[in-house]
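Asks: Next up is a structure, given as structure tokens.
The values are calculated or read from the model by the stated rules, or taken from the named source; none is laboratory data. Bear in mind the structure is a predicted one, so any value in this text is a computation, not a measurement. Every residue, glycine among them, receives a Cβ derived from its backbone with ideal geometry; neighbour counts consider all protein chains shown. When the accessible area is computed, the model is the full protein with side chains, heavy atoms only, and any ligands, DNA or RNA have been set aside. Shrake-Rupley method; radii C 1.70, N 1.55, O 1.52, S 1.80 Å.
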Number of protein chains: 2
Amino acid sequence: MKGRPIVFKNEEMVLKAQELFWEKGYTATSLSELSAATGAGAGSLYNTFKGGKKELFKKSLYQRKEDLEDFKTVLEKSDNPIELIKAFFLSVATESKKSHFKGCIVANTIVEMTFINEELGNDAIDILKETEKLYTRTILSEQKRGNIKSKIPAPVLARHLITLWCGINTLRRVYPDKEILRQQIELQLQIIK
Amino acid sequence: MKGRPIVFKNEEMVLKAQELFWEKGYTATSLSELSAATGAGAGSLYNTFKGGKKELFKKSLYQRKEDLEDFKTVLEKSDNPIELIKAFFLSVATESKKSHFKGCIVANTIVEMTFINEELGNDAIDILKETEKLYTRTILSEQKRGNIKSKIPAPVLARHLITLWCGINTLRRVYPDKEILRQQIELQLQIIK
DNA sequence: TTAATTTTGTATCAATCATTACAAAAAAGA
DNA sequence: TCTTTTTTGTAATGATTGATACAAAATTAA
């Protein structure tokens, strides 16, 4: 292929940008910060991401959808997916302080974007709904297998996990404390039994 | 008192500003929008709120602390405060669609401010912790009276309500639906029994 | 009436915002 | 080697940001 060789790889830039967007949100993250973090100047940024800041954010958000796909694969291979989901929620408690303060970029975006940019807000909502679907399928299947005795409808239990996720991702900023978080997550996971 | 009479009352300006901050957050709300919403020009805005945008936001946030004080008074007068708290949570489900999209300005601020402005973030965290204290006191007292049989420590149950609050205030943007919200809130309130 | 005081409205400020323009750099293909 | 193509770095762009300067307006006190 002709042309000057690429030095700033698309994927690496997205990951650097994601970190910034995750911490500061869309509005408060400036192009100059993105430029400094990625190392790429405005020229490279706009050449790589023709849609500018918005496209870069979309890619950063979409990266989490791919992470979800990875988790889906792991769940499908497991013969006790419910325990895996519970372990995932509990693992949040032991993450770093910085992770606590960052929360979840998907949940953060839903909160930030509702009255700012409906398109980006809906992109985030879609990811959360996709996650919910995965939970619903898993719970329903495990109910049929008898691994979950609860008669509460699978969609309600799945939405409970989503609500817990959103709740914990705010609580962990108020209490970035392993023990407190573990206690609260355990309490709410008891509903899935 | 000497001087040209005030036409823009402090309280009214705070309420107008609060509405904007609640919807769009701190960063995305501009002074020109605040000026348009309150009707006051830059002159009046900066004369009334010497600290500018930041002070106006602080006042908007602090308004919710006063609302909390009102709720505290109602709870103290009640002989079944737990039912009042549960009714309050359930009442969220039937609010307007716009209210669903707005969520909670305190929770919103915690999410937005962590990496932007620690001071404003901590102001919001303080309000949430104050709310938690109110819940803890109420639950502990009702446990002693035998109105709550659960042996789960009052602080854990109180933090459960805070987590539920944060969770629901994101979920209601994903599902601004009366029935879904009622279902999820009811499920989680069963823990307080 | 006049002076003192405060609020209001408007013009303006420097700084920063996201984005674009464009030439130099660096490669491949002819 | 020369042309073509693409990326990169830098210098602009106009718009908007939060905040300030300041005179006119509107009141009270002297």
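Asks: Is the C-alpha gyration tensor of the protein assembly as shown telling us rounded, prolate or oblate? Criteria: a/c under 1.5 is rounded; beyond that, a/b larger than b/c is prolate, otherwise oblate.
Replies: Values: a/c = 2.10, a/b = 1.03, b/c = 2.05.
Oblate, since a/c reaches 1.5 and b/c is not below a/b.
Asks: Still on this model: Compute the signed sum of charges (Lys and Arg +1, Asp and Glu -1) over the other residues within less than 13 Å, Cβ to Cβ, of B:R182. If you can, show how the numbers build up before the last one.
Replies: Numbers: positive: A:R159, B:K86, B:R172, B:K178; negative: B:E95, B:D177, B:E179, B:E186.
My count for the surroundings of B:R182 gives 0.
Asks: Going from most exposed to least, what order do B:E12, B:E95 have by accessible area with a 1.4 Å probe? Let's see the in-between values first.
Replies: Numbers: B:E12 105, B:E95 75 Å².
Final ranking, largest accessible area leading: B:E12, B:E95.
Asks: So, one more: Over 31 Å between C-alpha atoms is what I'm after, so list which of A:K2/A:K59; A:K133/B:K151; A:K50/A:K97 land there. Working shown, then result.
Replies: Values: A:K2/A:K59 26 Å; A:K133/B:K151 34 Å; A:K50/A:K97 35 Å.
Beyond 31 Å: A:K133/B:K151; A:K50/A:K97.
Asks: I would also like to ask the following. Would you please state which residues of segment B:37-53 a label at B:M1 would reach in this model, taking the label point 7 Å out along Cα→Cβ and a backbone N cut-off of under 19 Å?
Replies: B:40-41, B:43-52
Asks: Sticking with this structure for a sec: Charges only on Cβ, +1 for Lys and Arg, -1 for Asp and Glu: so what's the dipole of the protein assembly as shown about the Cα centre, in debye to the nearest 20? Write out the running numbers ahead of the final one.
Replies: On the way: 62 positive and 50 negative charges, 51 e Å.
Roughly 240 debye for the protein assembly as shown.
Asks: Another question about this same structure. Taking a ≥ b ≥ c as the square roots of the eigenvalues of the Cα gyration tensor of segment B:52-107, is the shape rounded (a/c under 1.5), prolate (a/b larger than b/c) or oblate? Display every interim value, and only then the final one.
Replies: Details: a/c = 4.09, a/b = 1.41, b/c = 2.89.
The shape class here is oblate.
Asks: Now a separate question. What is the Cα centroid distance between segment B:1-53 and segment A:1-62, reported in whole angstrom?
Replies: 36
Asks: Now a separate question. Using a label position 7 Å from Cα in the Cα→Cβ direction, what is the ascending list of nm distances from B:K9 to the same site in the other copies?
Replies: 6.3
Asks: Within segment B:97-180, list the trypsin sites (Lys or Arg not before Pro) lying in a DSSP loop whose Cβ has at most 11 other Cβ atoms in a 10 Å radius. Show your work: numbers first, answer last.
Replies: Values: sites: B:K97, B:K98, B:K102, B:K129, B:K133, B:R137, B:K144, B:R145, B:K149, B:K151, B:R159, B:R172, B:R173, B:K178; in loops: B:R145, B:K149, B:K151.
Filter output for segment B:97-180: B:R145, B:K149, B:K151.
Asks: Could I ask something else about it? If we hang a label 7 Å off Cα along the beta carbon direction at A:D126, how far is it from the matching labels on the other copies, in nm, shortest first?
Replies: So the distances to the same position in the other copies read 4.2 nm.
Asks: Which of rounded, prolate or oblate describes chain B when judged by the alpha-carbon gyration tensor and an a/c cut-off of 1.5?
Replies: Working: a/c = 2.33, a/b = 1.87, b/c = 1.25.
Judged from the Cα gyration tensor, chain B comes out prolate (a/c at least 1.5, a/b above b/c).
Asks: Choose one of B:L157, B:T38, B:Q18: the residue whose Cα lies farthest towards the positive end of the charge dipole of chain B (beta-carbon charges +1 Lys, Arg; -1 Asp, Glu; about the Cα centre).
Replies: Working it through, the farthest residue towards the positive pole turns out to be B:L157.
Asks: Moving on. Averaged over its residues, how many other protein chain Cβ atoms are within 10 Å of peptide B:173-185's Cβ atoms? Working shown, then result.
Replies: Numbers: counts 10, 13, 7, 0, 0, 0, 0, 3, 2, 0, 6, 6, 1.
Counting other chains' Cβ atoms within 10 Å and averaging over B:173-185 gives 4.
Asks: If you take the beta carbon distance between A:E12 and B:K50 as r and set R0 to 41 Å, what does 1/(1 + (r/R0)^6) give as a FRET efficiency, to the nearest 0.05? Present the calculation step by step, with values, prior to reporting the outcome.
Replies: On the way: r = 46 Å, r/R0 = 1.11.
Once rounded, the FRET efficiency stands at 0.35.
Asks: Let me ask something else. Determine the dipole magnitude for segment B:1-60: charges of +1 sit on the beta-carbon of Lys and Arg, -1 on that of Asp and Glu, nothing else is charged, the reference point is the Cα centre, and the result goes in debye to the nearest 20.
Replies: Working: 10 positive and 6 negative charges, 64 e Å.
Using Cβ point charges on Lys, Arg, Asp and Glu, segment B:1-60 gives about 300 debye.
Asks: Further, regarding this structure: Apply 1/(1 + (r/R0)^6) to the Cβ-Cβ distance of A:K178 and A:L140, taking R0 = 30 Å, and write down the FRET efficiency to the nearest 0.05. Working shown, then result.
Replies: Details: r = 32 Å, r/R0 = 1.07.
Efficiency computed from Cβ-Cβ geometry: 0.40.
Asks: Taking a point 7 angstrom from the Cα of B:K58 along the C-beta vector, which residues in segment B:115-143 have backbone N less than 18 Å away?
Replies: B:116-128
Asks: Among B:F101, B:G167, B:A124, which residue has its Cα furthest toward the positive end of the charge dipole of segment B:74-193, with +1 on Lys/Arg Cβ and -1 on Asp/Glu Cβ?
Replies: Value: B:G167.
Asks: How large, in percent, is the carbon and sulfur part of the accessible surface of the protein assembly as shown at a probe radius of 1.4 Å? Walk me through the numbers on the way to the answer.
Replies: Numbers: 10090 of 18860 Å².
C and S fraction of accessible area: 54 percent.
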